[in-house]
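Participant: Sharing a structure, written as structure tokens. Questions coming.
Every read-out reported here was derived from the displayed coordinates using simple, explicitly stated rules and does not represent laboratory data. The model shown is predicted, which means the values in this text are computed figures rather than measured ones. Note that each Cβ is placed from the backbone with ideal geometry, even for glycine, and that neighbours are counted across all protein chains shown.
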Amino acid sequence: MPTQTTRRGKLRWRAVVKIEGKIAASKWFGQGEKERRAAILWEEKTKAELEKQKETPTTCLSPLEWANLYLSDVKRRAVQKTYIEKRSEFVRLLKFCGHRSLVKFSPAFALSFLQTQYDSRSGYSANKARKNLARAWDWGKTFVDGFPDLINPFRAVRKFPEQRSPRYIPPEADFWKVIGVAHGQDKVMLTAFLHLAARRGEIFRLRWFDVDFIGGQVRLTTKKTKDGSVRADWIPMTDELKAVLLSWRENRPHKQSELVFAITADSPSPHYKAGDPYKYRARFMKRLCEIAGVKHFGFHAIRHLSASILYKAGVSLSVIQRILRHQRPTTTDLYLQSLGLELNQTRKAVEVLSNRGPAKVIPLPVKEKSLQAGT
């Protein structure tokens with residue numbers, strides 16, 4: 001039963017749950033009869049949950065089995081990048097937990113693991129691990145028979161402080177230097193990245209039936225959706241991009257391929273043949289940046305540059321959302337913030353305060369000199 005105890009100079013109710021004579025949980029409540037009843041209900045509920053955890057058999061599935069089941073489902077639904085990210089989090093977790101059973105995955109254990117991620121990596125990395133493992137735990141409770149009926153230990157841990165720098169946006173002049181040293185298909189591809197604000201995979205998957213020259217639009221497909229389904233969006237095609245793509249279609253070397261951009265015969269990689277689709281091209285951008293003499297940036301940084309150009313030109317958030325193909329305007333807003341672009345809007349706002357007319361100087365009252373003695 002709750003007891004009244006003085007805490008910080010005030011009489012309050014303290015609820016305590018004991019298991020086998022030892023305090024297993026406690027919680028402070030306020031004053032009055034209403035708080036006493038709340039304390040009683042908390043004790044009953046908490047004791048029932050702890051007894052249930054105690055009765056849970058220790059022969060449930062192992063952390064490795066949980067990881068394999070969850071990752072198998074993720075692989076069917078999500079893009080490769082998401083699957084690799086979640087698999088990496090499980091690799092770290094399994095290395096940390098050793099032979100610990102899932103029934104012993106308490107909030108204290110989750111906190112200990114995430115603290116090591118914070119210390120060895122960063123607050124952002126710890127929060128990403130927290131998010132991925134919390135979702136995996138929820139999935140296990142919903143879909144896996146025999147999964148421990150415990151509170152989600154990872155969700156119980158509060159987020160860690162983060163120190164994130166704005167994503168790098170290459171200066172527009174640097175982009176034109178890079179495109180100036182590119183040739184043939186490479187130059188056409190970079191032009192498409194800029195004009196469509198596209199992701200890497202969207203450009204690599206692009207086929208000629210996705211390019212509507214008559215309607216002046218391009219269809220981009222992505223799997224960056226909530227359930228991993230493929231979504232297609234038609235994006236208006238600029239006159240400049242239309243002319244570049246028309247010329248490329250007539251002069252491309254791999255005319256038998258339906259891909260707009262495909263590996264050419266002079267590819268330095270022995271693992272691909274001419275006409276195959278691209279997958280990464282990681283060294284490609286690094287090499288071009290070195291030739292152009294600019295700081296290295298990748299394909300996704302060009303998407304950042306496109307968003308930056310649109311934002312600075314005064315294009316509305318809803319239109320930028322449509323071009324970037326975000327499903328929610330809040331995603332676009334956060335995206336622009338991550339690029340550090342919200343500072344421009346904030347600067348415009350505070351400038352209003354400086355255009356209120358000349359300030360008036362109000363003279364302070366001057367005391368009259370006291371009369372000298374004898375005058």
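Participant: LYS177: which aspartates and glutamates have alpha carbons under 14 Å from its alpha carbon, excluding same-chain residues fewer than 8 sequence positions away?
Facilitator: Hits, sequence-local ones excluded: ASP186, GLU290.
Participant: Moving on. Among the listed pairs LYS81/LYS131; LYS128/LYS224; LYS52/LYS104; LYS95/LYS131; LYS187/LYS242; LYS75/LYS255, which have their C-alpha atoms separated by more than 24 angstrom in this model?
Facilitator: LYS75/LYS255
Participant: Can you compute the equivalent ellipsoid semi-axes for the stretch 35-191, i.e. the square root of 5 times each eigenvalue of the Cα gyration tensor, sorted largest first and rounded to whole Å?
Facilitator: For the stretch 35-191, the semi-axes come out at 43, 20, 14 Å.
Participant: Quick one: go through the stretch 184-228 and flag any residue whose amide nitrogen is under 12 Å from the point 7 Å out along the Cα-to-Cβ line of GLU240.
Facilitator: Under cut-off, by backbone N: 191-196.
Participant: Once you have a ≥ b ≥ c as the square roots of the Cα gyration tensor eigenvalues for the stretch 138-208, tell me rounded if a/c is under 1.5, and otherwise prolate or oblate according to whether a/b is larger than b/c.
Facilitator: oblate
Participant: I would also like to ask the following. Whose amide H sits under 5 Å from the amide H of ARG12, counting only residues 5 or more places off or on another chain, with H placed in the peptide plane?
Facilitator: HN-HN under 5 Å from ARG12: THR5, THR6, ARG7.
Participant: Normalized C-alpha radius of gyration of the stretch 1-113, against 2.2 N^0.38 Å?
Facilitator: In units of the globular-protein estimate, the stretch 1-113 measures up at 1.53.
Participant: For a test of the definition: using alpha carbon positions, the gyration tensor, and the 1.5 limit on a/c, classify the stretch 63-143 as rounded, prolate or oblate.
Facilitator: oblate
Participant: Which ³J(HN,Hα) values in Hz, rounded to whole numbers, follow from the phi angles of the stretch 184-195 under the Karplus curve 6.51 cos²θ - 1.76 cosθ + 1.60, where θ = phi - 60° and Gly and Pro get x?
Facilitator: Computed from phi, the couplings for the stretch 184-195 are x, 4, 4, 5, 5, 4, 5, 5, 5, 4, 5, 6 Hz.
Participant: Would you calculate the volume per residue, in Å³, of the smallest convex hull containing every Cα atom of the stretch 172-350?
Facilitator: 134
Participant: Here's something else I'd like to know. Rounded to the nearest 500, what is the chain's calculated 222 nm mean residue ellipticity when only DSSP H runs of at least 4 contribute -39500 (n - 2.57) each, over all residues?
Facilitator: My calculation for the chain gives -16000 deg cm²/dmol from helical runs alone.
Participant: I've got another one for you. For the chain, what is the Kirkwood hydrodynamic radius in Å, using each pair of distinct C-alpha atoms?
Facilitator: Hydrodynamic radius (Kirkwood, Cα only) of the chain equals 26.6 Å.
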